[in-house]
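Inspection log for the structure reproduced underneath, given as C-alpha cells.
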Amino acid sequence: MSVHRRHHEHLFSADTLTAYRHLVNAGAQRVADRAARVTGPSTGVAPQTLAAALAAVDLDAPLHHPAAALDELDTLYLRDAVWFHHPRYLAHLNCPVVLPALLGEAVLSAVNSSLDTWDQSAGGTLIERRLIDWTAARIGLGPDADGVFTSGGTQSNLHALLLAREKATGGDPALLPRLRILASEVSHFSVARAALLMGLAGDAVVAVPTDQARRMRPAALERELERCARAGLVPMAVVGTAGTTDFGSIDPLPQLADAAARHGAWFHVDAAYGCGLLASPTRRQLLDGIERADSVTVDFHKSFFQPVSSSAVLVRDRRAMTPLVHHHDYLNPEHLSARLPNQVDKSLQTTRRFDALKLWLTLRIMGADAVGDLFDQCVDRAEQGWRLLDADPRFDVVVRPQLSTLVFRWRPAEPAPAALVDAANLHAREALAASGAALVAATVVDGRDHLKFTLLNPATTTADLAAVLDLLAGHATAYLAARQAA
Ligand SMILES: *Cc1c(COP(=O)(O)O)cnc(C)c1O
C-alpha cells in the first residue's frame with residue numbers, strides 16, 4: 001500500500017465495496033444471532049455490572065478485527081440490550097421497527113446525504129418534501145402546508161412554538177414576558193422546556209385541567225384564555241395533545257381549535273404519539289379537528305414503527321416558517337435559494353440525516369394501510385387489556401384507553417396505607433424489571449404511584465398482558481407481606 005493511501009481501506013469508496021458489504025452483513029448477522037437467543041425484553045443487568053466491563057476497555061488499543069470488536073460489543077451491549085420487539089416490553093413509547101425502515105437506515109447511512117441543502121442531498125431533498133406533502137395531506141392542512149423532518153417530538157414542539165412566538169411578537173422582544181402557552185396538565189414536558197428555551201416567563205405555560213378521561217376541558221381552556229385577556233397577557237399558542245404520553249388521551253381538538261381561533265392564538269397539535277392514526281384504516285376520525293391546526297408534531301418513530309429518529313413538524317402556512325431563514329454565503333446564498341430547494345431554511349438543524357428515507361421505503365414496500373393496521377392492532381390490544389384490568393379485583397385501572405396506554409394500580413385484598421401500596425407498586429415494577437421477564441412503566445396519578453403498559457407491539461397478546469399482571473401482583477403481594485411482617 002502506498003504511503004498516501006494509508007488507512008484508506010477503512011473509508012467507504014469504490015475500492016472497499018466488498019469489505020463494505022461484508023461488514024454490514026456481519027453486523028446484521030450479529031444482531032440476528034443475538035435476537036434469536038433473546039428470552040425477555042432485557043436481562044435486568046445492573047449498571048455497575050456493565051460499567052466495570054466498559055471501564056476495562058482500552059479505547060487507545062484498537063482490536064483491528066471487526067469480528068473481535070463485535071464479540072466485545074456483544075458482551076458490552078447486545079447481550080443485555082433492551083429489546084423493543086419482545087412482546088413483553090410494555091414500558092415506554094418505543095416500537096418494534098418495520099424491516100423496510102431498517103433497509104432505509106442501511107442505505108441512508110452509507111450514502112450519508114445531508115438534507116440541509118440541495119447540493120448535499122439532491123433527490124433526498126425531494127423525497128423528504130414528498131413525504132412532508134403526504135403527511136400534510138393526511139392531516140388535511142391545505143395547499144399552503146409545509147414542514148420538515150426533525151430529530152423527534154421535542155424538537156418539533158420547540159420548532160412549532162418558536163414559529164408561534166414569532167407570529168405573536170412580530171419580532172418584538174418586549175412582548176416576551178406576556179406570552180402564554182395553554183396546554184393540558186398532562187401535556188408533554190417538552191412544551192414547558194420549549195418555553196424555557198424561548199425565553200418566556202417562568203409561568204408561561206398554563207396547565208389547563210382535564211376531565212376524567214384526561215382530556216383537556218374546553219370550558220377550562222376558555223376560562224384560562226379569558227383570564228389571560230383580562231390580565232393583559234398574550235395567548236401565544238393553544239397546544240392540543242393527540243395522544244398524551246401518560247394516558248394516550250386525545251384532547252377535543254375541534255373545541256380547542258374554536259377557542260384558539262376566538263382568541264387569536266396559534267393552534268398547535270402535538271400528535272407525537274397519536275400520529276399513527278393518520279394511517280389507520282379504521283380510527284382516523286379520532287384525530288378529527290387536527291386539520292385546523294397551525295402546526296402539528298408527528299413522531300414516526302412512535303406509532304409508524306420507524307427506527308429512532310424519524311419525526312416531523314408540519315405547518316398550515318409555509319410563510320410561517322420564514323423567521324428561521326438565514327442566508328449564508330457558503331451554504332445557501334440568497335441568489336441560489338430562489339432556485340434550489342434548501343431545507344436548511346426551514347430547520348433548526350444544519351447537517352441533518354436523511355431520516356425520511358426510512359418512511360419512504362416503508363410506504364413503498366408495505367404501504368400506509370399496513371402501518372396503520374399494525375397500530376390499530378396495538379389499540380385493539382389496549383382495549384382488551386382494559387377489559388382484563390377492569391374485571392380484575394387486584395387492580396384499579398384509571399381510564400379506558402383511546403390509544404394504546406393502560407394506567408393502573410395494584411391494590412391489596414385487605415386495605416393498607418396508601419403509602420405502602422405506593423411502595424408495593426413501585427417495588428413490583430422494579431422486581432419485574434430485575435427478573436428480566438417483562439418491562440412496564442410507572443407514573444404518578446393524583447399523587448399516587450401507578451403502573452403503566454404502553455402497547456406499541458402488535459405481537460403482544462392478551463395472554464402476555466395477563467401473565468405480566470400476575471407477575472406484578474405476585475411481586476406486590478410478597479412485598480406488602482414482608483413489610484407488614486417486619
Ligand atoms: C414522545 C412525546 C414527545 C417527545 O418526542 P421525542 O421524539 O421523544 O422527542 C412529545 N410529545 C408527546 C405527546 C410525546 O408522547
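The numbers here are math on the coordinates, done by the rules we state, and not lab data. Everything numeric here is computed off the predicted structure, so don't read it as measured data. Every residue, glycine among them, receives a Cβ derived from its backbone with ideal geometry; neighbour counts consider all protein chains shown.
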**OP:** Give me Thr18, Thr244, Thr282 ranked fewest to most by other Cβ atoms within 10 Å of their Cβ, as a rough exposure proxy.
**Re:** Thr18, Thr282, Thr244
Original post:
Cα-Cα pairs above 30 Å in the chain: how many percent?
Top reply: 54
Original post:
What's the Kirkwood radius of region 12-83 in Å, using all Cα pairs?
Top reply: 13.9
**OP:** Find out how many positive minus negative residues lie around Glu185, taking Lys and Arg as positive, Asp and Glu as negative, among other residues whose Cβ is under 13 Å from that of Glu185.
**Re:** -2
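Fewest Cβ neighbours within 10 Å first, please rank Thr297, Thr350 accordingly.
Ranked by crowding around the Cβ, least crowded first: Thr350, Thr297.
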**OP:** In whole angstrom, note down how far apart the Cα centers of region 25-51 and region 129-165 are.
**Re:** 36
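Can you sort Thr75, Thr405 from fewest to most other Cβ atoms within 10 Å of each residue's own Cβ? Show your work: numbers first, answer last.
Working: Thr75 11, Thr405 30.
In increasing order of surrounding Cβ atoms, one gets Thr75, Thr405.
Under 11 Å from the Cβ of Ala416, count the other residues' Cβ atoms, weight Lys and Arg +1, Asp and Glu -1, and hand me the total.
Result for the neighbourhood of Ala416: 0.
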Subject >> Lys pairs under 21 Å by Cα in the chain, provided they are eight or more residues apart or on distinct chains >> reply: 4
**OP:** Taking amide H positions as placed in the peptide plane 1.01 Å from N, state which residues far from Ala207 in sequence (5 or more) or on other chains have amide H under 5 Å from it.
**Re:** none
